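Working notes for the structure below.
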Amino acid sequence: MLSLDNSYNEVDLKDFDRKARQLSKLESITYCVEPKFDGGSISLIYENDFLTRGATRGNGVAGDDVTTNVRQIRSLPLSARFSDYGLQQVEIRGEVLMNKNSFKKYNDALIEKGLAPLANPRNAAAGTLRIKDPQEVRRRNLEAFVYHISDYTLLPGKEIPEALKTHAGSLKLLWELGFKSPVNEMRVFDGIDLVIKYCLEFEEERDNLPYEIDGMVVKVNDFDLQDQLGMTSHHPRWAMAFKFKARQGTSKLLNVEYQVGRTGSITPVAKIEPVFIGGVTVSSISLFNEDVIREKDLMVGDTVLVERAGDVIPYIVKPLAELRSGDEKKIKFPHHCPVCESKLFKEEGEAAWRCVNIECPAQVAERMIHYVSKDALDIKGFGEANIKKFFELGLLKDIPGIYKLDFDAIGKLEGFGAKSIEKLKDAIEQSKNQPLHRLIFALGIRFVGETTAKVLAQKVNHLLDLKQLTQEELQTLEDIGPKVAGSIVHFLAMLII
Ligand code: IVH
């Protein structure tokens, strides 16, 4: 499986075009331009219309056989009527991706479990392709884009179909056969100038796409001309990647602070010198748990490499150890809760240290913030800042308190006019009409994310009915194992209603 040569600017692309024109002795070349998908590279073989093999790129010569896993990807047809085009065997190149939405959900679930989330969708997709549990692969919702027919054989007596004379034609053929190929994103242009213009325009749109791309790929459109140009020992001479600007920067690790989450987990947060990356200023980066600090061997005072990809949360790639002066300080993870000072505990097999005092003010506030948040009961006009303010002033003590607010006292606070109070009252009233699954999710039960909340809500008609279910009964429900069931029972036992 060949790789592509990289270009980073206009000059590189013009150079690529000049060489291709010199070799082909043509005055102008027609190119097809498409996104460069940022995932895991795969090769697929279809024989007699059936998907028979899926492999990763590996070192380019030998990769892993991932046939069972690629069969779990819904956007890859298990069979496609290549025979209608006279094709017997076809080898296709593509990229397996996790879209931004699925990636966020996947990472949220990891964070919920106290684990460090994956750095980017590329790692998530490539890693998922290699796991040994096909059902888990299916659950993670991978997608695949196909962008190249690298080889084919014809059925006896058949001729090369018209579609397989150009790259754009081959992408359309794949689309018609039910694959996801970049037909909507690709453009065909005469000459390199329009190609460059499109690449630069597309870079602006990068963050609006539902998946990650790290550049564009410029390909000579005509297959005969591709053959004529051939390849070097590493790359085809008929294609060039145009890489977008890296969304990385360096900064200095100033300090590590510790935040207490709603389930008591302690999250170390790196405070760094503000650095502008990919359109935003980053000054605070979650380090997730103690293991991350150890694995990366981070020290206060380190110069760190920071990456921020699209909507993905920024993360520290690594410290630049070669720049250390010797004045850097070891990071000491606390033994006591930074808010209520109770002793921290770490359960067997868990990555997070936890404050187990459920009355810890930080946890109480975080539980309320979660309760009113958009994906939970969505009480508009409340928000993190107001919850914290009311909590600190003693106007709000717990979740039930949201429904017993003293609006006269709130009205006396700065910034709370009659209008905003009316709005808040309305939003609180409306939250009573939210479906049961949102209420269950809003309670912030450990290990109960949106999906589990929906499963529970389908089982009962009222929140109180959940209290009647035993741990064994809960475990009979979809995706609920002993750990989740135990957590639900424990939570409901403490709920005084
Ligand atoms: S063409 C022989 N087209 O980028 C040419 N590659 O850096 C085969 N990639 O290994 C590759 N999007 O995994 C091609 N639209 C696209 C692509 C693409 C992503 C990946 C591919 C390749 C890597 C090279």
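Please treat every number below as a calculation from the coordinates, not as lab data. Quick caveat, the model's predicted, so the values are computed rather than measured. Cβ coordinates were reconstructed from backbone atoms using ideal geometry, including for glycine residues, and neighbour counts include every protein chain displayed.
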- Task: Straight distance only, please: which lysines reach the Cα of K165 with their own Cα at less than 23 Å, same-chain residues fewer than 8 apart left out?
- Result: K19, K25, K36, K180, K219
- Item | Residue-count net charge about F82 - beta-carbon cut-off 13 Å; Lys, Arg +1, Asp, Glu -1 | -4
- Note on the structure: Distribution output for the chain: share of Cα-Cα pairs per 10 Å bin in percent, first bin at 0, values 3, 15, 21, 22, 17, 12, 6, 2, 0
- Task: Please list, or write none, the aspartates and glutamates whose alpha carbon is within less than 17 Å of the alpha carbon of K271, excluding same-chain residues fewer than 8 places away.
- Result: E257, E290, D297, D302, E307, E328
- Task: Calculate, in nm to one decimal, what D151 and D84 gain on full extension: separation in residues at 0.36 nm each, minus their alpha carbon distance.
- Result: 22.4 nm
- Message: Under the rule of at least 5 residues apart or a separate chain, name every residue whose amide H is placed under 5 Å from the amide H of G264.
- Response: none
- How far apart, in nm, are two points set 7 Å out from the Cα along the Cα-to-Cβ line at L463 and at E348? 3.4 nm
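Starting with the fewest neighbours, write out E328, E341 ranked by other beta-carbon atoms found within 10 Å of each beta-carbon.
Fewest to most other Cβ atoms nearby, the residues stand as E341, E328.
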- Mind listing the long-range amide H neighbours of G278? Cut-off is under 5 Å, sequence gap 5 or more, other chains count too, H placed in the peptide plane at 1.01 Å from N. none
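Suppose every K and R has +1 on its Cβ and every D and E has -1 on its Cβ; what is the size of the dipole of the chain about the Cα centre, in Debye to the nearest 20?
Numbers: 66 positive and 72 negative charges, 169 e Å.
Computed charge dipole of the chain: roughly 820 debye.
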- Task: For helix 192-205, report the angle its Cα long axis makes with the longest principal axis of the Cα atoms of the chain; keep it between 0 and 90° and round to the nearest 10°.
- Result: 10 degrees
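Based on other C-beta atoms within 10 Å, arrange M494, M216, M231, M299 from fewest to most.
Values: M494 7, M216 27, M231 14, M299 18.
Arranged by neighbour count, lowest to highest, M494, M216, M231, M299 become M494, M231, M299, M216.
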- Isolated cysteines for the chain, Cβ-Cβ cutoff 4.7 Å, are C32, C199
- What is the distance in Å between the Cα centres of segment 145-198 and segment 220-260? 21 Å
- Can you work out ³J(HN,Hα) from phi for every residue in segment 133-144, in order, using Karplus 6.51 cos²θ - 1.76 cosθ + 1.60 and θ = phi - 60°, giving whole Hz and x for Gly and Pro? 10, x, 5, 5, 4, 4, 4, 7, 6, 6, 10, 9
- Placed amide H near V317: partners under 5 Å, 5+ positions off or other chain: L305, V306, E307
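Segment 259-336: which trypsin sites (Lys or Arg not before Pro) are DSSP loop and have at most 11 other beta-carbon atoms within 10 angstrom?
Working: sites: R262, K271, R294, K296, R308, R324, K329, K330, K332; in loops: R262, R308, R324, K332.
Within segment 259-336, the qualifying trypsin sites (Lys or Arg not before Pro) (loop, at most 11 other Cβ atoms within 10 Å) are K332.
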- In order through segment 276-286: 3J(HN,Hα) via Karplus (6.51 cos²θ - 1.76 cosθ + 1.60), integer Hz, x for Gly, Pro: 8, 9, x, x, 9, 8, 10, 9, 9, 9, 5
- Message: Please list 3J(HN,Hα) in residue order for segment 39-46, calculated via the Karplus relation 6.51 cos²θ - 1.76 cosθ + 1.60 where θ = phi - 60°; whole Hz, with x for glycine and proline.
- Response: x, x, 6, 9, 10, 10, 10, 10
- Item | Candidate lysines - alpha carbon under 20 Å from K412, same-chain residues fewer than 8 apart omitted | K388, K389, K397, K404, K423, K425
